[in-house]
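The values are calculated or read from the model by the stated rules, or taken from the named source; none is laboratory data. For clarity, every value in this text was computed on a predicted model and none was experimentally measured. Cβ placement follows ideal geometry from the backbone for every residue including glycine, while neighbour counts extend to all protein chains displayed. The accessibility values were calculated without ligands, DNA or RNA, using every heavy atom of the protein model including side chains. Shrake-Rupley method; radii C 1.70, N 1.55, O 1.52, S 1.80 Å.
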Amino acid sequence: MRLKRFGTKKRPYYRVVVQDSRLATSSKTLDEVGTYRPVESENQITLNTEKVKEWIAKGVVVSPTVRDLLNSQGIQIQRTSQN
């Protein structure tokens, strides 16, 4: 699970997506589970919590930035060390 950047220069927004790590970052995503708009003052993060929990239960690896966003929304993800 990672962020995928969209928007224009100096006005970014991101989609929280589930993507196969073996594919390029610009390739097709498996699922979109939310958005993150850092420039907005309200409603910066929108998530479909059911989808997020389903993917986590399936064993998806969450990027550190997405983990911090999920933790700020009350979805607790434990830090895991990867080799």
Sorted largest first, the C-alpha extents of the chain along its principal axes in whole angstrom are 34, 30, 24
Rounded accessible area of D68 (nearest 10 Å², 1.4 Å probe) | 80 Å²
1.4 Å probe accessible area per residue over the chain, in Å² = 73 Å²
Under the rule of -39500 (n - 2.57) per DSSP H run of 4 or more residues, summed and divided by the residues of the chain, what mean residue ellipticity at 222 nm is obtained, to the nearest 500 deg cm²/dmol?
-> -6000 deg cm²/dmol
Dipole moment magnitude, nearest 20 debye, the chain about Cα centre, only Lys, Arg, Asp, Glu C-beta charged | 380 debye
Residues of segment 39-60 with amide nitrogen under 16 Å from the 7 Å Cα-to-Cβ point of T8?
-> 39-40
Cα-based Lys pair tally, the chain, threshold under 25 Å, eight or more apart or on separate chains = 9
Amide H contacts of I45 (H built 1.01 Å from N, under 5 Å, at least 5 apart or other chain) = R37
Just name one of V18, S41, T8: the one whose Cα is farthest towards the positive end of the charge dipole of segment 1-56 (beta-carbon charges, Lys/Arg +1, Asp/Glu -1).
-> T8
Counting alpha carbon pairs within less than 8 Å and at least 6 residues apart, what relative contact order, in whole percent, applies to the chain?
-> 24 percent
